[in-house]
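A.B. asks: Below you will find the structure I want to go over with you.
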Amino acid sequence: MVKRKSSKSVKGIKRLAGKDVPGELSLQQALFRIKGFGHTMSKVVAQLVAERLNVPLDTQVGDLTDEQLEEMEHIITHLEETDLPRFLFNRQK
């Protein structure tokens, strides 16, 4: 029988806003892969998430706990409740 080593390098795949993202990605890179998030929006939201979760900005998504991922999901889905500038959002007519 082969024993598998438990390794911290295995990050897995995490689900954010209906999108599977590799756990090796940083917060900003993971947000950039979500539909509707451009470069600027992903950078600003990554800073907001890092501040609210009290983690470094370069944290990999795979290192976050389930509770932190749920909080990140809540922030992503309720951006209108944040104090982000309105010009970052898509302009709906």
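A.B. asks: Skipping prolines and chain starts, which residues have an amide H placed within reach, meaning under 5 Å, of the one on LEU25, given they are 5 or more residues away or on another chain?
C.D. replies: Residues meeting the criterion, in which the H sits 1.01 Å from N, are VAL61, GLY62.
A.B. asks: Now, a different point. Work out how much length LEU57 to ILE13 would gain on full extension: take 0.36 nm times their residue separation and subtract the Cα-Cα distance, in nm to one decimal.
C.D. replies: 13.9 nm
A.B. asks: Using the Karplus curve 6.51 cos²θ - 1.76 cosθ + 1.60 with θ = phi - 60°, what ³J(HN,Hα) values do you get for each residue of the range 46-54, in whole Hz, with x for Gly and Pro?
C.D. replies: The phi angles translate into 4, 5, 5, 5, 4, 5, 5, 8, 6 Hz.
A.B. asks: Check which residues have an amide H placed less than 5 Å from LEU16's amide H, if you skip close sequence neighbours.
C.D. replies: VAL21
A.B. asks: Then there is this: Just to confirm the number: angle between the C-alpha axis of helix 66-77 and the first principal axis of the chain, 0 to 90 degrees, nearest 10?
C.D. replies: Roughly 20 degrees between the two axes.
A.B. asks: What is the dipole size for the range 22-70, taken about its Cα centre, with +1 at each Lys and Arg Cβ and -1 at each Asp and Glu Cβ, in debye to the nearest 20?
C.D. replies: Magnitude of the dipole: close to 340 debye.
A.B. asks: Among VAL21, THR77, ASN90, flag the residue with its Cα farthest along the positive direction of the charge dipole of the chain, charges on Cβ as +1 for Lys/Arg and -1 for Asp/Glu.
C.D. replies: Farthest towards the positive end: VAL21.
A.B. asks: Further question on the same structure: Which value in nm describes the separation of the simple spin-label points at THR65 and LYS35, placed 7 Å from the Cα toward the beta carbon?
C.D. replies: Here the modelled spin labels are 3.3 nm apart.
Quick note: the coordinates plus some simple rules give every number you see, no bench work behind them. Bear in mind the structure is a predicted one, so any value in this text is a computation, not a measurement. A quick note on method: Cβ atoms are made from the backbone with ideal geometry, for glycine too, and the neighbour counts reach across all protein chains shown.
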